[in-house]
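Read through the structure below, which is laid out as structure tokens, and then see the notes.
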Amino acid sequence: MSKAKAFFFLLFFFFLSYAFACDLPGHFDFEVSNEDRVLYTGCYDAVHKGPHLIVYFLTKERLEGESVRRPNTTFTQDRDGGILQNLLNENGYSFPEHGDYTNSGYDRGHMAPNADFNDTRENALMTFFIANIWPQTPDVNRKTWLKTENETRKLAVEYFIVKVVIIVDEFSDKNINGIQVPLNFKRRVYNEEGDLIYEIDIHQVVGGAFDSI
């Protein structure tokens with residue numbers, strides 16, 4: 001696929017992303033960009049304190065290009081320039097912090113993963129946004145969810161460009177420092193025609209002791 005064609009479909013998918021409305025109480029739209037290029041968009045659930053939706057586009061060109069090592073950094077509240085944080089404050093909500101996950105037994109699970117944006121260090125850093133993570137058990141984060149990410153990458157190579165939608169809308173009664181622990185993580189992948197080509201729901205078993213990262 002040429003760069004021009006890839007760019008055309010990227011714009012096409014960008015408009016399709018708004019088919020997933022962010023109109024629930026306590027939910028707020030956001031986007032994360034680098035040098036005016038939108039990397040991923042989302043709908044932040046300020047009630048449960050994590051992303052209700054994450055939407056991004058993955059291309060064969062990005063995956064097969066040069067990559068950088070995973071940044072040694074923390075998850076911050078301002079990867080979008082502080083826009084979402086200000087919006088939450090204006091509406092009486094607050095962001096979690098990186099340290100809220102520490103010693104919780106749960107991993108800081110990326111929804112838009114670092115490995116899908118590691119074509120540059122600057123892009124990779126943008127995935128370390130507190131609005132882009134949920135508590136995941138080590139087994140889910142490092143095994144089950146990772147498998148779904150790898151399958152998505154295979155599809156991006158096969159189809160040249162895919163749209164990825166992550167949905168989190170089911171929760172356990174457990175929370176860590178006010179962050180509700182999800183029960184399920186849903187991944188939907190669409191081809192350039194908008195057809196659903198991959199669908200999986202990952203159930204998370206909540207409870208017990210884990211070694212977190």
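The values are calculated or read from the model by the stated rules, or taken from the named source; none is laboratory data. These numbers were taken from a predicted model, which means no experiment stands behind them. Using ideal geometry, Cβ is built from the backbone for each residue, glycine included, and neighbour counts are taken over all protein chains shown. Note: accessible area is taken over every heavy atom of the protein model, side chains too, but ligands, DNA and RNA are not part of it. Shrake-Rupley method; radii C 1.70, N 1.55, O 1.52, S 1.80 Å.
Numbers at a glance
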{"read-out": "Number of the exception - TYR18 against (1) open to solvent by 60 Å² or more (accessible area, probe 1.4 Å); (2) at pLDDT 95 or above; (3) within 18 Å of the chain's Cα centre (by Cα)", "value": "(2)"}
{"read-out": "Scan of the stretch 40-74 for residues that are over 20 Å from GLU151 (Cα atoms) and part of a strand (DSSP E or B), ordered by number", "value": "THR41, GLY42, CYS43, TYR44, ASP45, GLY50, PRO51, HIS52"}
{"read-out": "Selection status of TYR56, within 17 Å of PHE30 (Cα to Cα), modelled with pLDDT of 95 or more and of a type in the set (Phe, Trp, Tyr)", "value": "yes"}
{"read-out": "Among (1) open to solvent by less than 40 Å² (accessible area, probe 1.4 Å); (2) modelled with pLDDT of 95 or more, the one test that PHE13 misses", "value": "(2)"}
{"read-out": "Among (1) of a type in the set (Asp, Glu); (2) at pLDDT 95 or above; (3) surrounded by fewer than 17 Cβ atoms within 10 Å (Cβ to Cβ) - the single one ASP211 does not satisfy", "value": "(2)"}
{"read-out": "Out of THR127, THR74, sole residue that is surrounded by fewer than 20 Cβ atoms within 10 Å (Cβ to Cβ), hydroxyl-bearing (Ser, Thr, Tyr) and within 23 Å of PHE185 (Cα to Cα)", "value": "THR74"}
{"read-out": "Any hit, the stretch 159-170, residues being basic (Lys, Arg), at negative phi and buried (at least 19 other Cβ atoms within 10 Å of the Cβ)", "value": "yes"}
{"read-out": "Every residue from the stretch 75-110 that is out of contact with any Gly (no Cβ under 8 Å at 6 or more places or on another chain), part of a loop (DSSP other than H, G, I, E, B) and closer than 19 Å to TYR40 by Cβ", "value": "PHE75, GLN77, ASP78, ARG79, ASP80, GLY81, GLY82, PHE95"}
{"read-out": "Pick from the stretch 77-111, criterion of a type in the set (Asp, Glu) and within 26 Å of SER172 (Cβ to Cβ), ranking: least open to solvent (accessible area, probe 1.4 Å)", "value": "ASP107"}
{"read-out": "Strands (runs of 3 or more DSSP E) fully within the stretch 145-213 counting 1 or more residues that are more than 17 Å from ILE133 (Cα to Cα) and within 16 Å of the chain's Cα centre (by Cα)", "value": "161-167, 184-190, 196-203"}
{"read-out": "Where a residue in the stretch 39-63 is open to solvent by 10 Å² or more (accessible area, probe 1.4 Å) and its partner, wherever it lies, is among the aliphatic types (A, V, I, L, M) and in a loop (DSSP other than H, G, I, E, B), with Cβ under 7 Å and at least six apart", "value": "HIS52/VAL168"}
